[in-house]
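Working notes for the structure below.
The values are calculated or read from the model by the stated rules, or taken from the named source; none is laboratory data. As the structure is a computational prediction, the values presented were derived from the model and not from experiment. Every residue, glycine among them, receives a Cβ derived from its backbone with ideal geometry; neighbour counts consider all protein chains shown. Only protein heavy atoms, including side chains, enter the accessible area calculation; ligands, DNA and RNA are left aside. Shrake-Rupley method; radii C 1.70, N 1.55, O 1.52, S 1.80 Å.
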Amino acid sequence: MKNIVWLVHLMLPYWRRIILALILSVLTISSHIGLMVASAYLLARAALHPPILDLMITIVGVRFFGLSRAVFRYLERYVAHDVTFRVLSQIRVKLYQAIEPLAPARLKNFRSGDMLSRIVADVETQQNLFLRVFAPPFVALLILFGYGLFLACYDVRFSLILAACFLVAGLGIPWGIKALGQGIGHRIVNLKAELATQVADSLLGITELVAYGQAQEHLDKIRQTNINLMDQQRRIARLSALSASLVGMVSNLGLWLVLILGIYLVEKGNLNGVNLGMLALGTFSSFEALFPLALVPHHLEQNQAAAERLLELIKAKPVTKDSGHLSPQSEGLDIVFQDVSFRYEQHEPWALKHLSFRIPQQGKVAIIGSSGAGKTSIINLLLRFWEYDAGRVELGGHSLREYSQEDIRGSIGVVTQRTHLFNATIKENLQIAKPEATEEEIIRAAQQARLHDFILSLPQGYDSLVGEGGFALSGGQRQRLAIARVLLKNAPILVLDEAMAGLDSLTEREVMNEVYQLMEGHLTLVITHRLIGLEKMDEILVLDRGRIVERGTHEGLLEQRGLYQRMREYLS
Ligand code: DGT
Ligand code: MG
């Protein structure tokens, strides 16, 4: 129920359009009734051969209702869909605003296909909310009252027949259909999500699936989910057909009852025979308002299930609070980690334990250590992707928590271990780092990253597309693009996490030289497995299982003859 309240809340700002859509909907059905009533009356009157002038008004009425029905139907569709799409776009904006602070920590719990299904399918499901859940009962009620009053002008028993039919077809049948289709709405939403997850998973891992000969099995799984989904949809189609025929039966019954009562009244002289056809056909056409009611519970269930999944995302709390207002200055920045401990989840082992180090203004620190030692975790804390559990992290003399997250990230240029390239041109991928960058700046960054010549060798140059995730580039080229991004951003703090991974030794040295030049005047944190160029570092931290086990300059560490020295010996 909470979900629906949330959705209604989103609809409230459009209450004027909603009322207009409801009025137009009522006018459409009223025109339909009007057309039937006027036509039946015209035929009955004409059969008595009255002077043609007597029929003029009715003839005009038939023409009017015939036309107005189409016009109102068009306007009603237009306004109702306009409202619907406005609400959908609101949901999308809200969803995006909610998701952004969740990245990356909280989003790891969602699978990408499931996320896609929430963002696309679950949002789209909400388009039924107004059109198929809220509007039909209102319209049916208004038609019942309006046409019921019209019938009461002739005999109140006509109105009672109408009310009885509306009760059966508007409440009884939907209730029965709901009982028969209990849970289908939920199952459809969940199966759609499962299908999206399986398809997305198999697309992302298609190379592995083919290489390990698992493609057919995966395909069978997708097929099975698809069959299950189709089964549920077939059940809904069956229920929909059943409800349509039941409502059809009730409306025909209503027509008969009105006709029988009418004949009785005509015989008794209480009703003019000319009106008989008009009342019966009008009643019959008023049932148009009842047809959408049968599936209201089903759509409501589907809307609720989808809204529940959306709210799960919207209500999720980001791991880091973004309540600080400070903005890092470009001068005087130093980074201090004071006895920092951190773990990703409560029950997991510590990723960082009692970590203390300081990178002075414009200082250069390298962090090395075995895989899983906690190197990337330090960056995750620095970028405020995760919250540390104990200790203190300072930037420029203030706790990291006092800064606005966006500003912190704005002042850090980072090459992550897993660079993502967008399916766009090389130039656009570079401009992410600095949207207002000039042509010269972009070329300069690419030259420094030793990428310029390669880019020029492509037929489209800087306008070449890099493909989904950059698949048109080699691993090393992707990495150099990431480095070019950082060079372009030229932020006061530079963080390189395995930035040179995937580069051949020659290119690595060339790019390193450029990066070292850039490091001058920047605070730099380098994480590397390769142990190259560490002589230039102010301090090297050797990390092991979340703790600093050795620290010092290159020479100092070599003298210690500890882990650092062993690692170097092993590499050389
Ligand atoms: P690398 O990149 O292989 O050289 O390793 P590091 O040193 O960068 O390791 P790091 O900091 O990514 O991981 C440290 C530990 O934390 C490791 O045991 C795996 C765990 N860990 C890393 N990322 C996550 C995460 O997102 N969620 C959870 N639950 N654990 C994580
Ligand atoms: Mg790492």
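Quick check on segment 348-395: take the gyration tensor over C-alpha atoms, sort the square-rooted eigenvalues as a ≥ b ≥ c, and tell me if it's rounded (a/c under 1.5), prolate or oblate. Taking the square roots of the gyration eigenvalues as a ≥ b ≥ c, segment 348-395 is oblate. Here's the list of lysines a cross-link from K364 could span, going by alpha-carbon distance under 19 Å and ignoring same-chain residues fewer than 8 apart: K375, K489, K536. Distance between the pseudo-spin-label points of L180 and N513 (7 Å out from Cα toward the beta carbon): 8.0 nm.
Report the full-extension gain for the segment S356 to Q127: residue separation times 0.36 nm, less the Cα-Cα distance, to one decimal in nm. So the chain would gain 77.1 nm between S356 and Q127.
Summing +1 for each Lys or Arg and -1 for each Asp or Glu among the other residues whose beta-carbon sits under 12 angstrom from that of E520 gives +1. Counting only DSSP beta bridges with both residues in segment 335-571, the antiparallel share comes to about 50 percent.
With a Förster radius of 60 Å applied to the beta-carbon distance between A215 and S341, the computed FRET efficiency rounds to 0.85. Helical runs (DSSP H, four residues minimum) scored at -39500 (n - 2.57) apiece and divided by the length of the chain put the mean residue ellipticity at 222 nm at -19000 deg cm²/dmol. Distances between placed amide hydrogens fall under 5 Å for R547 paired with K353, all partners being 5 or more residues away or on another chain.
Beyond 26 Å in Cα-Cα separation lie the following of the pairs K94/K353; K94/K321; K108/K427; K178/K317: K94/K353; K108/K427; K178/K317. Relative to the longest principal axis of the Cα atoms of the chain, the long axis of helix 296-315 lies at roughly 20 degrees. Whole-Hz Karplus values for segment 167-184 come out as 5, 5, 7, x, 10, x, 5, x, 5, x, 5, 5, 4, 6, x, 3, x, 5 Hz, taken residue by residue from phi with 6.51 cos²θ - 1.76 cosθ + 1.60 and θ = phi - 60°; glycine and proline positions read x. Here the spin labels are modelled as points 7 Å beyond Cα on the Cα-Cβ line, and at A46 and L167 they lie 3.9 nm apart. Note on S89 and V319: with the Förster distance fixed at 35 Å, the Cβ-Cβ geometry gives a FRET efficiency of about 0.80.
Heavy-atom accessible surface of M278, to the nearest 10 Å², is about 10 Å², with a 1.4 Å probe and all protein chains retained. Whole-Hz Karplus values for segment 30-45 come out as 4, 5, 4, 4, x, 4, 5, 4, 5, 5, 4, 5, 4, 4, 5, 5 Hz, taken residue by residue from phi with 6.51 cos²θ - 1.76 cosθ + 1.60 and θ = phi - 60°; glycine and proline positions read x. Annotation: amide H of L541 within the under-5 Å range of A366, I367, I368, sequence separation 5 or more or interchain, hydrogens built in the peptide plane.
Between L204 and R568, the contour length at 0.36 nm per residue exceeds the alpha carbon distance by 127.4 nm.
Probing with 1.4 Å while keeping every protein chain in the model, the per residue accessible area of the chain equals 51 Å². Averaging the sequence gap over all C-alpha pairs within less than 8 Å and six or more residues apart, then dividing by the number of residues, gives segment 2-314 a relative contact order of 33 percent. Would you mind telling me the share, in percent, of accessible area of the chain contributed by carbon and sulfur at probe 1.4 angstrom? Ligands and nucleic acids excluded, carbon and sulfur reach 59 percent.
Shape class for segment 395-538, computed from the alpha carbon gyration tensor (a ≥ b ≥ c): oblate, with a/c not under 1.5 and a/b at or below b/c. What shape does segment 465-534 have by the C-alpha gyration tensor, where a ≥ b ≥ c are the square roots of the eigenvalues, rounded means a/c under 1.5, and otherwise prolate means a/b greater than b/c and oblate the rest? The shape class here is oblate. Compute the Kirkwood hydrodynamic radius of the chain, taking the inverse of the mean of 1/r over all pairs of distinct Cα atoms, and give it in Å to one decimal. After inverting the pairwise mean of 1/r, the radius is 29.7 Å.
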